[in-house]
Every structure is written in structure tokens, then in C-alpha cells.
Amino acid sequence: MSTVSNVLNRPERVNAQTAERVRNAVAALDYVPHPGAAGLRTGHSSSIGLVLPDVANSFYARIARGAAEAAYTHGYALVLCHSGDQPEREQGYFTMLVEQRAVGVVVVPLSADPSRLTRLRDRGIPLVLADRAMPDRDGCSASVDDIAGGRIAVQHLLDRGARDVLVVNGERGIRQCADRFQGARQAVRSRREATLDQVVAEEMTVAYGTKIADQLEDLPDGVFCTNDFLAAGLCRGLADRGVRIPEDVQVVGYGDLDIAGFGATTLTTVRQPVEDLGRAAVEMVLDEIEARAEHTHETRVFAPDLVLRDSTRPPTDL
């Protein structure tokens with residue numbers, strides 16, 4: 001290792017032939033020196049990278065808030081990176097973060113695949129996933145039980161009298177969307193008289209929720225939207241058509257984002273402990289760095305719960 005260090009930092013101490021072999025090996029391994037580890041040993045202040053797919057989205061902003069609180073508590077700065085969920089940008093940020101002495105990285109992937117995560121982990125910097133579970137043999141992660149969340153949402157609709165339930169979902173390639181629909185199916189299986197259908201939104205936005213509401217021909221009596229933006233747009237579009245919420249159609253969202261509490265009809269929604277995801281991810285990064293050989297990867301899964309508002313009926317209406 002001393003020879004590699006000399007080639008990278010003091011090339012004048014190594015003969016040309018040896019230096020060339022080392023540089024070839026470094027290029028083949030896509031190796032980036034990790035000065036952040038040295039920073040921990042010397043007591044110098046360091047930073048933790050947080051790579052988000054969309055920094056403007058309030059869900060990811062809440063993850064960042066929890067991560068920043070944990071980093072500050074432990075004496076670290078948080079470096080915020082907007083990836084746009086693009087693998088090339090993620091790779092670029094990893095290189096920059098390592099070169100700038102980051103001790104580790106928290107990544108919030110939207111559509112990451114195992115090979116993509118492996119490439120990131122091979123850069124030689126501790127990696128923790130937030131808002132996505134993975135086997136602890138592969139690394140640390142912090143996520144919400146989205147199967148339970150989908151089950152809670154649809155079970156609530158059924159308990160409030162809905163029988164024809166529609167799920168307005170995002171792309172099934174997004175793990176969270178697939179899990180929430182799986183939970184919805186589990187809830188409906190317990191009610192023989194209930195039916196379940198699904199519409200997939202190309203974008204999980206208010207505008208697309210409104211578009212779906214405009215296109216519905218046969219109205220269900222209950223709708224579960226797998227994020228609050230879709231739910232808010234759906235409620236707006238239904239109201240424009242003269243559909244009463246919750247009298248004609250009950251709606252449940254997901255996320256308990258700020259938008260859920262605004263509008264003519266506030267949203268019943270599934271709440272996620274989002275700040276806890278950010279805090280837990282930072283704590284696991286620091287444990288992996290500081291405990292070293294004693295560190296054991298872990299998968300932390302947080303439980304969601306339901307927030308009752310105006311878009312579903314109270315029990316007394318049944």
C-alpha cells in the first residue's frame with residue numbers, strides 16, 4: 001500500500017516502471033483515493049454526501065432535514081447532491097465526494113438496480129441507501145414498510161364502506177410503487193365483495209392526478225393514490241367534475257407531504273417517518289466508518305401510520 005500511496009502522492013519516490021504498473025491498476029479498478037478515512041484518524045472535520053433524485057421534492061427535502069440534523073449532531077457537514085436519478089451523475093458525485101474528503105455517502109435511489117449499486121459501492125466509500133431496503137449482506141439501508149403502507153390505506157377505504165377500489169400508481173419499476181400495490185392487494189383479499197383496479201401514472205404529479213380524474217369513466221367509490229401529489233390532483237379533477245369527496249368517492253394519499261393539508265379537501269394519507277430515514281442512514285454511515293471491523297450491516301425498516309383528514313368518511317357515516 002505504501003508504494004501505491006507514493007505513486008499517487010509522491011511519484012518522485014517510485015521508479016518509472018513500477019509507477020506505470022500502479023497507474024494501470026488504479027485505472028482498471030476505477031480507484032479513487034479516500035482522504036476522508038484519514039480525516040477520521042486525524043480528527044479533522046469531514047463531510048457526508050447525500051445524493052437525492054430531486055432536491056425540490058418535499059419528501060426528499062425531509063430526508064435531507066433528518067440527515068442534516070444527525071450529521072450536525074455528530075460534528076459533520078452534509079453535502080447535498082442532486083442526481084436527477086441519473087447513474088452518470090451519481091458516479092460523478094461519488095468521485096467528487098471522495099476527492100473532497102467525504103467519509104461516506106447516503107444515496108436515495110429512485111430506480112436503482114443491483115449492478116448500479118455495486119458500481120457505486122466499488123468506489124471505495126461507505127454507502128447507505130435511504131428509502132430503499134436491501135439485504136444486509138449487501139450493505140446498510142433505511143426504508144419504510146411500503147407493503148404495510150399500501151395495506152393500511154386500502155384497509156381504511158374498505159372499513160369506511162368502499163367496495164370498488166382504484167389504485168393510482170406510479171411506474172411498477174419503482175420498488176416503492178410495486179410494494180404499495182402489493183399491500184393494496186393484500187387488503188382486498190380479505191374482503192370477497194371488494195374489487196381492485198389500477199391506473200399507472202406516467203408522472204407522479206398533481207397535474208397527472210388531475211388528468212387521470214378527467215379520464216375516469218366509471219367512478220370507483222374508493223381511490224388509493226401512491227403519493228400525495230397524485231391524490232391532490234385527483235381530488236381537484238374530481239371536484240371540477242362535480243364529484244363530491246368523500247360522499248361520492250373517498251381518497252387516500254401516501255406520504256403526508258405538506259400538500260396533504262391544503263386545498264378545499266384535506267387528504268387522509270399514509271404518513272412515513274421520513275426524517276427518521278435520513279437520521280438513521282447518517283448514523284449507519286458513521287458506524288461503518290468508525291467501527292470498521294466491528295461494523296455489521298443492518299436493514300432498518302420503519303412502520304408507516306395513517307393520518308385521518310377530510311377525504312375519507314368518518315365511521316359514523318357508515
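The values are calculated or read from the model by the stated rules, or taken from the named source; none is laboratory data. Note that the structure is predicted; figures quoted are calculated from it, not measured. Accessible surface areas use protein heavy atoms only, side chains included; no ligands, DNA or RNA. Shrake-Rupley method; radii C 1.70, N 1.55, O 1.52, S 1.80 Å.
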Semi-axes a, b, c in Å (a largest) for the range 54-199, each sqrt of 5 times a Cα gyration tensor eigenvalue, come to 36, 16, 13
Ordering TYR208, TYR72 by the accessible surface of their heavy atoms, 1.4 Å probe, largest first, yields TYR72, TYR208
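What number results when the radius of gyration of the range 245-318, computed over Cα atoms, is divided by 2.2 N^0.38 Å?
After normalising by residue count via 2.2 N^0.38 Å, the value is 1.66.
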Heavy-atom accessible area per residue of the range 258-318, all protein chains kept, 1.4 Å probe, expressed in Å², is 51 Å²
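Just to confirm, what accessible area per residue do you get for the range 150-203 at 1.4 Å probe, in whole Å²?
With all protein chains present, the range 150-203 gives 46 Å² per residue.
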